[in-house]
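The values are calculated or read from the model by the stated rules, or taken from the named source; none is laboratory data. The structure displayed is predicted, hence computed values, not measured ones. As a convention, Cβ positions derive from the backbone with ideal geometry for all residues, glycine included, and neighbour counts pool all protein chains shown.
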Amino acid sequence: MFELSEEQNDFKKSLRTFVDREIIPVAREMEATGEYPSAIVDGLKEMGLFGLTIPEDHDGLGIDPVSFGIVFEELARGWMGIAGVLGSHTMAAKMIAEHGTDDQRATYLSDLASGSRRTALALTEPDAGTDLQGIKTTAKRVEGGYLINGAKMWITNARHADPLPVLVKTDTTTTPAHKGMSILLVEAGTSGFEVTKDIEKLGYKGPESCEIVFENCEVPESALLGGVEGRGMQQVLSALQWGRVNIAGRSVGIAQRALEESVSYAQERESFGQPISEFQAIQLRVGRMATRVQAARQLMYWSAQSLLQGRADGETGMAKVFCSEVALESAIEAMSIHGGYGYSKEYEIERLYRDAPLMSIGEGTNDILNTVIAKSIFSGRTKI
C-alpha cells in the first residue's frame, strides 16, 4: 500500500477542512443557480493552490505529484466543478514553467501562482478532440509575430485566462503533423480573440466551458512558448501526464463522496423496521464500492509517484482509466442505495451521477488511453 508522508497527510487534512467548511455547504445551491464560485476561488488563492505546479523561485508551491493528486481528490469530493477551476490552470502553468523562455516565466509565473492571473489550455476543436494532430487552427508567420485563425471548443476557464496557451499549426505541410505544431500564449484582450459562448453541459457546473474563435488574431514572436516552433505537441503531452493524475484524483473524490453519502443514508434510512444498512444487499454494494474506491486511490497515488521518474504515460493512463470507471460505478451504486431519493436534486447523488461520466472522456477517452497503456507496455516503458 502506498503510504502518504506526514506532510502529505497534514496537507490532505487541511484541504478536507476547507472543502467541508467552504464548498460542501454551498455547492448544490450554487450549481442550481449557476452562480460562479468567486468566494471559493478566493479561498483557493489564499491557500496558494493556483501555484501548485509553479516552482518556489517563482512564488509557487512546486508541489510533488502525489500531493497534486490529493488536491483534486479532495476538491472533487466537495464539488467536481471547483476542481475544474484549478485543473487546466495548473497544467498550463506547469507547461510555461517547464518549457517557457526566461522572459515568459518572469512575465507570467508569479502572477499565475498568486491567482491574480489565471490560465487554461486551448487544445480541443470542433473536429479534433483526442486526435490533437487533427487540429485546424493555424498560425501564419507575419512580420514581428503570428496571425492565428481557427476555433476551439470545451475550453474551461477561457473567460478568465490571461494568457491562454493555444495549440496551433505553424507548419501545415510537414509530416507527421505534430512536428508542425506549436503553442502560442494569447493574452486577454488581444484583437481577433473572442470567447463566443459558454457551452451548456449535463454536469461539471461551476467553471465555464467555452467556444472561442481566432480571426486574424495577431500575437508577437515572444508569444511562442519556448521560442522554438514545432514543439507544441511535446509540450502538451508533458502537461497531460499530470492532467491524467488530475482526472484520476477527481474521479477518486467523486467515488469517495458517493461512498460517504451511501453509508450515511443506509444508516439513517429505515425499512421494514430497521436501518437498510442491516440488509445484506446493501452491505454487498457498500463493501464492493469501498474496496474499489480504495483500490482507485492507491492506483492514483502510485501513478502520481511514477511521474518523479520521468515519462509515465502508461502508469497515469492506467490510473485515469480505472479511477474514472470507479467514479461512474460508485455513482450508480450510490443511486441504487438511495432508491428514488438518489434521483432527486435534494440529494448529492444526482449531481455526482451527472459529474462522473466526464471523467472517462476528459484528458483522452478511456478507449484511446487503453491503447496508450498497451503501447507503453510493449515498448518496455511500463513494467508489468
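Structural remarks
- Restricting attention to the range 202-233, the residues that are without any contact (Cβ under 8 Å) to a residue 60 or more places away in the chain, surrounded by 14 or more Cβ atoms within 10 Å (Cβ to Cβ) and not acidic (Asp, Glu) total 2.
- Qualifying residue in the range 134-142 (condition: touching a helix residue (DSSP H, G or I) at 6+ places or on another chain (Cβ under 6 Å) and of a type outside the set (Ser, Thr, Tyr)): no
- Flag if residue 53 is closer than 22 Å to residue 301 by Cβ and either in contact with a Cys (Cβ under 6 Å, 6 or more places away or on another chain) or not in a helix (DSSP H, G or I) (or both): yes
- Residue in the range 323-346 that is farthest from residue 257 (Cα to Cα), counting only those that are hydroxyl-bearing (Ser, Thr, Tyr) and surrounded by 18 or more Cβ atoms within 10 Å (Cβ to Cβ): 324
- Residues of the range 272-307 classified as among the small types (Gly, Ala, Ser) and within 23 Å of residue 382 (Cα to Cα), total: 5
Table: residues versus (1) of a type outside the set (Lys, Arg); (2) touching a residue at least 60 places away in the same chain (Cβ under 8 Å).
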residue: 315; (1), (2): yes, yes
residue: 320; (1), (2): no, yes
residue: 323; (1), (2): yes, yes
residue: 327; (1), (2): yes, yes
residue: 332; (1), (2): yes, no
residue: 337; (1), (2): yes, yes
residue: 342; (1), (2): yes, no
residue: 346; (1), (2): yes, no
residue: 350; (1), (2): yes, no
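- Selection status of residue 212, in contact with a helix residue (DSSP H, G or I) (Cβ under 9 Å, 6 or more places away or on another chain) and either at negative phi or assigned by TED's automatic domain parsing to the domain that holds residue 359 (or both): no
- When the range 253-275 is filtered for residues that are of a type in the set (S, T, N, Q), surrounded by 13 or more Cβ atoms within 10 Å (Cβ to Cβ) and more than 17 Å from residue 333 (Cα to Cα), nothing remains.
- Of everything in the range 147-167 that is assigned to a strand (DSSP E or B) and either polar (S, T, N, Q) or in contact with a helix residue (DSSP H, G or I) (Cβ under 7 Å, 6 or more places away or on another chain) (or both), the residue that is surrounded by the most Cβ atoms within 10 Å (Cβ to Cβ) is 165.
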